[in-house]
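A.B. asks: Right, I'll just put the structure down here and ask away after.
The values are calculated or read from the model by the stated rules, or taken from the named source; none is laboratory data. What you see is a predicted model, and the numbers here were worked out from it, not measured in a lab. Cβ coordinates were reconstructed from backbone atoms using ideal geometry, including for glycine residues, and neighbour counts include every protein chain displayed.
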Amino acid sequence: MSLLVVGSVAFDGIESPYGKVERALGGAATYFAVAASYFTHVNLVGIVGDDFSKEDAQIFRGRRIDTEGLERTAGKTFFWAGRYSENLNERVTLTTDLNVFATFKPKLPDKYRDSKYVFLANIAPDLQRDVLHQVKKRPAIVALDTMNYWIERTNAELRETLKHVDILMINDSETRQLSSEHNLLRAAKHIFKMGPSTLVVKRGEYGAMLVDKRGVFCVPAFPLEEPHDPTGAGDSFAGGFMGYLAGVGQKSDVALRRAMVYGSVMGSFTVEKFGLDRLRHLKRNQIHARARHFAKLTQFKL
Ligand code: AMP
């Protein structure tokens, strides 16, 4: 089943206690597409500037990623820079330059318009909605990610977009900011009134939590001795999660739980190295081996 994603394709500046990179390939849709392509075919919608080289585009080659919807235009590619704290749990944004995204008017290639699974990765909420409205039939699952930048600057547009979303996937501070509730379960109830029927809260090294009307399901983060760079971990989580669901073509409770595990697996690989360096070189058997490791990690008898 094909999976459509719209979001940022970017260059990132990253500072972590483990090193500094001035300009690494990144972007929410890039991490998402690479992670999801290990599970299913991905249709990518986004825009890059003329500074995005053939070498940069290699990240999408040799994978199940269609880039007909990745526009190229004169100007600069989206740029983001951030700095992580000593324990990698907090990050400050130093720069967000929308560049070519500021005037982007997405036009879906015809073959993308039948997508059954849609992921609205982190980008301006009106762009997310514009892409969704070009899909012909109501998809089986529409999921959305966003961040403080959009919650603060484009709150009304975000709320409008959320009316059309099934699964909201955001981190804990964004959940609190969007719902004005500190407790995550109360926050979920608040968010259900905005449109989504499922909330997935990404909690960094504390794992992830899924809340829907059936209850709550939690997965841990994979314990790593040497995490290096959390950039893109959330998008890789989303790629593993949505890629798994689109790959199996299901949305049962069992499938959603497995998707949470595959999300956590993909996020854990991303933090092992800087940027996309780990995610881009994975083998499918390594992914499944880590998923089995998760089953062992969380197994117990009563
Ligand atoms: P994550 O660490 O999963 O939250 O995502 C990091 C990625 O999101 C980076 O590669 C950035 O290029 C991208 N990003 C950061 N800020 C924004 C923003 N305001 N809109 C879209 N993408 C962003």
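A.B. asks: So residue 1 passes all but one of these: (1) at pLDDT 95 or above; (2) touching a Lys or Arg at 6+ places or on another chain (Cβ under 7 Å). Which condition number does it fail?
C.D. replies: Answer for residue 1: the failing condition is (1).
A.B. asks: Checking the structure you have, find out if any residue of region 184-201 is surrounded by 23 or more Cβ atoms within 10 Å (Cβ to Cβ), touching a residue at least 40 places away in the same chain (Cβ under 8 Å) and among the hydrophobic types (A, V, I, L, M, F, W, C).
C.D. replies: yes
A.B. asks: Let me ask you something else. Hey, residue 97 hits all of (1) under 18 Å from the mean Cα position of the chain (by Cα); (2) farther than 21 Å from residue 2 by Cβ but one; which does it fall short on?
C.D. replies: All conditions pass for residue 97, except number (1).
A.B. asks: So which residues in region 285-302 are free of Cβ contacts under 8 Å to residues at least 40 places away in the same chain and touching a helix residue (DSSP H, G or I) at 6+ places or on another chain (Cβ under 7 Å)?
C.D. replies: Just the residues of region 285-302 that are free of Cβ contacts under 8 Å to residues at least 40 places away in the same chain, to begin with: 285-286, 288-289, 291-292, 295-296, 299-302.
Of everything in region 285-302, just one residue is free of Cβ contacts under 8 Å to residues at least 40 places away in the same chain and touching a helix residue (DSSP H, G or I) at 6+ places or on another chain (Cβ under 7 Å), namely 291.
A.B. asks: Also, I was wondering about something else. Out of all the residues in region 153-166, is one or more under 15 Å from the mean Cα position of the chain (by Cα), of a type in the set (A, V, I, L, M, F, W, C) and buried (at least 18 other Cβ atoms within 10 Å of the Cβ)?
C.D. replies: Yes, because at least one residue in region 153-166 is under 15 Å from the mean Cα position of the chain (by Cα), of a type in the set (A, V, I, L, M, F, W, C) and buried (at least 18 other Cβ atoms within 10 Å of the Cβ).
A.B. asks: I want to confirm something. Restricting to region 221-248 and keeping residues that are surrounded by fewer than 24 Cβ atoms within 10 Å (Cβ to Cβ) and farther than 14 Å from residue 269 by Cα, which single residue is farthest from the ligand (Cβ to nearest atom)?
C.D. replies: By that ranking, first place goes to 248.
A.B. asks: When region 113-152 is examined, which residues are found to be surrounded by fewer than 21 Cβ atoms within 10 Å (Cβ to Cβ), within 16 Å of the ligand (Cβ to nearest atom) and among the β-branched types (Val, Ile, Thr)?
C.D. replies: Listed by number, the list holds a single entry, 151.
A.B. asks: Let me ask another. For residue 5, work out the one condition from (1) surrounded by fewer than 20 Cβ atoms within 10 Å (Cβ to Cβ); (2) part of a strand (DSSP E or B) it doesn't fulfil.
C.D. replies: For residue 5, the failing item is (1).
A.B. asks: What residue, of 40, 77, 30, is in contact with a Lys or Arg (Cβ under 8 Å, 6 or more places away or on another chain), buried (at least 18 other Cβ atoms within 10 Å of the Cβ) and of a type in the set (Val, Ile, Thr)?
C.D. replies: Only one candidate passes the filter, namely 40.
A.B. asks: Which residue is farthest from the ligand (Cβ to nearest atom), if the candidates are limited to region 67-85 and must be outside any strand (DSSP E or B) and within 27 Å of residue 3 (Cβ to Cβ)?
C.D. replies: The selected residue is 68.
A.B. asks: Take region 167-183 and flag every residue that is away from the ligand (no atom under 11 Å from the Cβ) and either assigned to a strand (DSSP E or B) or in contact with a Ser or Thr (Cβ under 6 Å, 6 or more places away or on another chain) (or both).
C.D. replies: Within region 167-183, 167, 168 qualify.
A.B. asks: Within region 240-261, work out how many residues are in a loop (DSSP other than H, G, I, E, B), on the phi < 0 side of the Ramachandran plot and in contact (Cβ under 8 Å) with a residue 12 or more places away in the chain.
C.D. replies: 1
A.B. asks: Taking the stated definitions as given, is residue 57 more than 15 Å from the ligand (Cβ to nearest atom), outside any loop (DSSP other than H, G, I, E, B), more than 18 Å from the chain's Cα centre (by Cα) and not acidic (Asp, Glu)?
C.D. replies: Working: more than 15 Å from the ligand (Cβ to nearest atom): yes; outside any loop (DSSP other than H, G, I, E, B): yes; more than 18 Å from the chain's Cα centre (by Cα): yes; not acidic (Asp, Glu): yes.
The answer is yes for residue 57.
A.B. asks: Look at residue 265 and say whether it is touching a His at 6+ places or on another chain (Cβ under 9 Å) and either outside any loop (DSSP other than H, G, I, E, B) or of a type outside the set (A, V, I, L, M) (or both).
C.D. replies: Values: touching a His at 6+ places or on another chain (Cβ under 9 Å): yes; either outside any loop (DSSP other than H, G, I, E, B) or of a type outside the set (A, V, I, L, M) (or both): yes.
Spelling it out, residue 265 is indeed touching a His at 6+ places or on another chain (Cβ under 9 Å) and either outside any loop (DSSP other than H, G, I, E, B) or of a type outside the set (A, V, I, L, M) (or both).
A.B. asks: What are the residues in region 86-114 that are touching a Phe, Trp or Tyr at 6+ places or on another chain (Cβ under 8 Å) and either acidic (Asp, Glu) or not in a loop (DSSP other than H, G, I, E, B) (or both), if any?
C.D. replies: Residues satisfying the conditions are 90, 91, 93, 95, 96, 97, 99, 100, 101.
A.B. asks: Quick check on region 86-112: of everything there that is touching a strand residue (DSSP E or B) at 6+ places or on another chain (Cβ under 9 Å) and closer than 30 Å to residue 249 by Cβ, which residue is nearest to the ligand (Cβ to nearest atom)?
C.D. replies: Looking at the filtered set, the residue picked out is 106.
A.B. asks: Against the conditions (1) under 22 Å from residue 102 (Cα atoms); (2) at pLDDT below 95, where does residue 48 fall short? Just the number, please.
C.D. replies: (2) is the only condition that residue 48 fails.
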